[in-house]
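Worksheet for the structure shown next.
Every number here is computed from the coordinates shown, using simple stated rules; none is lab data. These numbers were taken from a predicted model, which means no experiment stands behind them. Here the Cβ positions follow ideal geometry from the backbone for every residue, glycine too, while neighbour counts run over all protein chains shown.
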Amino acid sequence: MSAASPATTRKPSARDRLLAAADELFYAEGVHTVGIDRIIERAGVAKASLYSTFGSKEELVRAYLEGRHKIRRERLLTALERFDTPRDRLLGVFDVLGTLAGTPGYRGCAFYNATAESTTPGGPVEEVATANRAWTRGLFTELARDAGAHDPATLADQLMVLYDGASVGGRMDHSPAPAHVARAVAAGLLDAALD
């Protein structure tokens with residue numbers, strides 16, 4: 001079978017190229033460090049394309065984080081399907097984090113990184129980061145309930161602290177080891193929540 005002809009191969013849209021450039025640069029270097037000129041250059045589009053598509057850099061950052069949330073959610077839910085028991089699914093969240101933390105270029109949580117740089121309380125960065133955090137807490141609550149925890153919300157709060165620490169530790173140590181430690185602690189917390 002021959003490769004597609006140039007006439008049938010479509011170049012990604014300006015929006016897709018801008019988001020790809022933003023995803024790469026914002027995650028690697030930070031949302032405030034990277035100026036729009038670098039994103040435009042990397043995307044190979046005119047400055048007018050950025051403003052007509054997103055309106056502002058702040059809205060591009062929102063779209064970047066929304067994309068990160070979608071990918072994170074899909075990656076996590078897909079990975080948890082391989083676990084057979086509610087207990088294994090709950091602890092599997094830390095396995096997924098460990099795998100991610102062990103990849104080259106891992107820089108921790110994109111949402112934490114962006115909010116650490118954000119200067120607009122209640123702005124787009126905070127909105128998307130808050131939604132992502134609420135989704136994670138909801139997932140932990142649901143998994144804790146499925147595993148039989150007596151107080152799923154409290155266990156979810158405890159697991160959030162572990163998850164946050166493992167994410168930062170993975171970045172600082174350049175290692176999946178903090179996620180493995182967090183998984184072991186989570187197992188103990190789950191056992192205690194079942195008694």
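Structure above, values below:
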item: For segment 125-149 versus segment 57-105, the gap between their alpha-carbon centres in whole angstrom; result: 12
item: Dipole magnitude of segment 12-55, debye to nearest 20 (Cβ charges: Lys/Arg +1, Asp/Glu -1, about Cα centre); result: 160
item: Calculated volume of the Cα convex hull per residue in Å³ (choose from (1) 145; (2) 133; (3) 226), label; result: (1)
